[in-house]
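Here is the structure we will look at.
The values are calculated or read from the model by the stated rules, or taken from the named source; none is laboratory data. None of the values given here were measured: they were computed from a predicted structure. When we count neighbours, we look across all protein chains shown, and the Cβ atoms used for this are built from the backbone with ideal geometry, even at glycine.
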């Protein structure tokens, strides 16, 4: 690999990356820790902390994959419960607006509804489920599309589209629609690799359809819930964990070095909720909870930076580091950025670093 001594366009990030990399265990260490039950981040940490019921449930759920008939039946039951809770009889009101929120249904369940698997769903349900699937595709593309808008590198958004399509269930992949969309996106990705700063022109391209709907690349709003309501929900989640610990005759603890208690389970809490805890705008959280939430956010941000750094190293393309940072930034809500300290100046530095690195690579490649 060609290197240029005396110049590092990522100097402003270097110390943060070094600190992040230094705190990460190797794969071997992580596997050894899993075998022994120890914590690879803290070899002196106590080993008698218990997992919460929520953590155990999530691990158990990940261990089993139901067949499609079961998924379909569960989707039917879930819709009926949503209607009962909302006191409605269907997914659309007389004004044509949706009456229920389908965010609790996973992608495979939505696909079962959209395709009317087993003949169990109405045309309105199919329509609403199809719309939700389209919205989730758009939400998945939004961070990469925003990064593309800032850098004019279309490989970023096409790679995100490929990743989303490849994450489909086997049932979805068996459809002609999925095959056609993936073929179009793959052609777009190949074209973008040849000319990154030019938008590909491919028939049936869902990425082009996205940019036609969202020219700035910012995409749809992922949540309409107010930040105060997010904080209330986070408070309820922590209270439920504390009650679970109390019912077991112990207490909830926030420091993994504690030698007793049930360790708070933050992995199930989304970033916006963690931000609500960390910012504590409504004074709902203790100092321990705020500190734990900040540490969890820092850990997730560090992981995203390290993933971008790894991609940069593996590809031999240093611009991938800035692109990864920009995607992470674009995927955050305003509150998440505030809680994480990711300012617009930080974003602008990443954009400038990308442009500088790309220019240097172009010179080296003689283009």
The correct count of residues that are assigned to a helix (DSSP H, G or I), exposed (fewer than 15 other Cβ atoms within 10 Å of the Cβ) and either at pLDDT below 95 or touching a strand residue (DSSP E or B) at 6+ places or on another chain (Cβ under 7 Å) (or both) in segment 312-347 is 4
Failed item in (1) touching a residue at least 40 places away in the same chain (Cβ under 8 Å); (2) outside any helix (DSSP H, G or I); (3) under 19 Å from residue 337 (Cβ atoms), with residue 269 passing the rest: (1)
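Checking the conditions here, which among 192, 231, 208, 247 is outside the structural domain of residue 156 (by TED's automatic domain parsing), at pLDDT 95 or above and either crowded, with 19+ Cβ neighbours inside 10 Å or within 29 Å of residue 140 (Cβ to Cβ) (or both)?
231
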So which residues in segment 147-183 are farther than 30 Å from residue 67 by Cβ, out of contact with any helix residue (DSSP H, G or I) (no Cβ under 6 Å at 6 or more places or on another chain) and assigned to a helix (DSSP H, G or I)? 149, 159
Could you check segment 190-213 and list, in sequence order, the residues that are outside any loop (DSSP other than H, G, I, E, B) and without any contact (Cβ under 8 Å) to a residue 60 or more places away in the chain? 190, 191, 192, 193, 194, 208, 209, 212
Within segment 272-281, how many residues are without any contact (Cβ under 8 Å) to a residue 60 or more places away in the chain and crowded, with 20+ Cβ neighbours inside 10 Å? 3
Test: residue 358 is at pLDDT below 95, outside any helix (DSSP H, G or I) and not assigned by TED's automatic domain parsing to the domain that holds residue 234: no
For segment 95-127, what are the residues that are in contact with a strand residue (DSSP E or B) (Cβ under 8 Å, 6 or more places away or on another chain) and assigned to a loop (DSSP other than H, G, I, E, B)? 99
Look at segment 286-311 and say how many of its residues are in a loop (DSSP other than H, G, I, E, B) and either under 15 Å from residue 272 (Cβ atoms) or in contact (Cβ under 8 Å) with a residue 12 or more places away in the chain (or both). 0
Among the residues listed as 242, 216, the single one being more than 22 Å from the chain's Cα centre (by Cα) and either assigned to a loop (DSSP other than H, G, I, E, B) or without any contact (Cβ under 8 Å) to a residue 12 or more places away in the chain (or both): 242
